[in-house]
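A.B. asks: Could you have a look at this structure, given as structure tokens, before my questions?
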Amino acid sequence: MFLHGISIFSDVTNPWELPKDERILNRKDVSHIVLETRPGGFRVTLLINERFPYNYKSKSAAFYYSNIKDSKEGLELAEKLDRYLTSGFNMKIRFNGSEIYEFILDESIQ
């Protein structure tokens, strides 16, 4: 549907229309990517801030990915995610509670 040559439908995903176990993140949302040592192995944790003007009253959350065999694999994943987010693209995560079970790195995610 067009209105004077301008589409009224956006290519940007409405976050309210996503399933409750999905979230779209970009570099503004992820403040830190941490490789943690846990008793059962390693995990990569994303520290995420909800955006408020000037980060006043911002709320933080930690989402982690624990399907990592060793520290080398964890460091490679953390660096890959950092490079991807720094490049300006959005990524989608699927999670259960605070545990991430899937990263979707697709440059077309808006």
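The values are calculated or read from the model by the stated rules, or taken from the named source; none is laboratory data. Not measured: the values here are computed from a predicted model. Neighbour counts are summed over all protein chains in view; Cβ atoms, including those assigned to glycine, are modelled from backbone coordinates with ideal geometry. Just the protein is used for accessible areas: all its heavy atoms, side chains included, with ligands, DNA and RNA removed. Shrake-Rupley method; radii C 1.70, N 1.55, O 1.52, S 1.80 Å.
A.B. asks: For region 73-98, enumerate the residues that are open to solvent by less than 70 Å² (accessible area, probe 1.4 Å) and free of Cβ contacts under 8 Å to residues at least 40 places away in the same chain.
C.D. replies: Within region 73-98, GLU73, GLY74, LEU77, TYR84, SER87, GLY97, SER98 meet the criteria.
A.B. asks: For region 17-42, which positions are outside any loop (DSSP other than H, G, I, E, B) and open to solvent by 40 Å² or more (accessible area, probe 1.4 Å)?
C.D. replies: GLU17, ARG23, SER31, HIS32, ILE33, VAL34, LEU35, GLU36, THR37, ARG38, PHE42, listed by residue number.
A.B. asks: Of the numbered conditions (1) in contact (Cβ under 8 Å) with a residue 12 or more places away in the chain; (2) touching a Lys or Arg at 6+ places or on another chain (Cβ under 8 Å), ASP70 fails exactly one; give the number of that condition.
C.D. replies: (2)
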